[in-house]
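Engineer: Dumping the structure here so I can ask a few things about it.
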Amino acid sequence: MANRVALVMGGGAGTGRAIARAFDRAGAQVVVADIREEGGQETVELIRGQGGHAVYVQADMSVTADVQKAVNTAREEFGALHMACNNAALGIETKPLASISEEEWDRCMSVTLRGVWLSMKYQLPAIEASGGGAIINVASVSGMRGEALQAAYAAAKGGVITLGKSAAVEYARRGVRVNTVCPAGIESGGMQFYLDTLPEDMREKVLNAHAMGRLAAPEEIADAVAYLCSERASFVTGHDLVVDGGLLVRSNVVDL
Ligand SMILES: NC(=O)c1ccc[n+]([C@@H]2O[C@H](COP(=O)([O-])OP(=O)(O)OC[C@H]3O[C@@H](n4cnc5c(N)ncnc54)[C@H](O)[C@@H]3O)[C@@H](O)[C@H]2O)c1
């Protein structure tokens, strides 16, 4: 990825930071966009500390002007935009579908689904104008099979998956590949937020739901993003790469 420019939306913590660092290790110049300045700046310092090139931009993925600023920062600082990973998302409290308020539903959608569309709206033309590249949206296995007590989040992630397929076809002959990574549980702040809402016995069940009996390290998700952005995935577009430690294929009858 030498001389390539990557943008990470939500690159200021856990998984997003691991993705930004994976782009750096592959030789790319990285724009770290995050709503939280402290985390974003920390990611930039980590990359610069390894001799890499990175810049932070304060951006809320659900705000048009901020998304435009993030894309423009890539062009102004590094002269182009070739790759983008839309990693940020907003979950809401674990509760039954009928108890979700309209405000909670809209808040979840505004970042988790609308934010990905808004980001691609400005990233796609910028990447095309830079000669082509790739976009990776981070969805979730919840968006593939649904998730009881997380209906808004699961619906938003399902939307992210189909949004990626639509974009993949629109841009397939225009030099931009669009793929989705679908993680299950990741060791990150977001997962901790979710686990904290659950009773003790259910937390153990969450780990066991993964056939491997553990959560993903953020780097394991970042490796999937880096692969899909790389030339090794040059014929892969419109794909959902499941990175879930065997959660979707685990049988709830046979316990090995
Ligand atoms: N954590 C999990 O177990 C898990 C499971 C499946 C899918 N995912 C998905 O993986 C992705 C990463 O999740 P994570 O929990 O690892 O979080 P993470 O550790 O990558 O942190 C998310 C970052 O996004 C930033 N952010 C939040 N809202 C933003 C906004 N509106 N605009 C810009 N930045 C914003 C946060 O400040 C934070 O730095 C998300 O899309 C999430 O839905 C996570």
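Values in this text are rule-based calculations from the coordinates and carry no lab data. Computed from a predicted model, the values in this text were never measured in an experiment. Backbone-built Cβ (ideal geometry, glycine too); neighbour counts: all protein chains shown.
Engineer: Hand me the GluC sites (Glu not before Pro) from the range 8-110 located in a DSSP loop with no more than 15 other Cβ atoms within 10 Å, in residue order please.
Structural biologist: GLU93
Engineer: Rounded if a/c is under 1.5, else prolate if a/b beats b/c, else oblate: with a ≥ b ≥ c from the C-alpha gyration tensor eigenvalues square-rooted, which is the range 98-256?
Structural biologist: oblate
Engineer: Could I ask something else about it? Using a Cα-Cα cut-off of under 15 Å, which aspartates and glutamates could be cross-linked to LYS165, ignoring same-chain neighbours fewer than 8 residues away?
Structural biologist: ASP240
Engineer: Could you list the residues of the range 111-154 with an amide nitrogen less than 14 Å from a label point located 7 Å from the Cα of THR197 in the Cα-to-C-beta direction?
Structural biologist: 112, 142, 147-154
Engineer: So which of LYS121/LYS157; LYS95/LYS157; LYS95/LYS121 end up more than 27 Å apart by C-alpha?
Structural biologist: Going by Cα-Cα distance, LYS95/LYS121 fall outside the 27 Å limit.
Engineer: Here's something else I'd like to know. Where in the chain are the helices, taken as whole DSSP H runs, whose Cα atoms extend 20 angstrom or more along the long axis and whose Kyte-Doolittle mean reaches at least 1.0?
Structural biologist: none
Engineer: Using modelled amide H (1.01 Å from N, peptide plane; none on Pro or chain starts), what sits under 5 Å from the amide H of LEU241, excluding residues fewer than 5 places away?
Structural biologist: Here THR180, VAL181, CYS182 satisfy the definition.
Engineer: Quote the relative contact order of the chain in percent (integer), defining contacts as alpha-carbon pairs under 8 Å separated by 6+ residues. Before the final figure, lay out each step's value.
Structural biologist: Values: 534 pairs, mean separation 47.7, N = 256.
Relative contact order here is 19 percent.
Engineer: To continue, here is another question. As an exercise, identify the trypsin sites (Lys or Arg not before Pro) in the range 1-67 lying in DSSP coil whose Cβ has no more than 15 other Cβ atoms within 10 Å.
Structural biologist: Qualifying residues, ordered by number: ARG36.
Engineer: Shifting gears a bit: Once amide H atoms are placed 1.01 Å from N in the peptide plane, what residues at a sequence separation of 5 or more from ARG177, or on another chain, have their amide H within under 5 Å of its amide H?
Structural biologist: Here the answer is GLY133, ALA134, ILE135, since their amide H atoms fall under 5 Å of that of ARG177.
Engineer: Which far-off residues, 5 or more places away or on another chain, put their amide H under 5 Å from the one on ALA216, with H placed in the peptide plane?
Structural biologist: Counting only residues 5 or more places away or on other chains, the set is GLY185, ILE186, GLU187.
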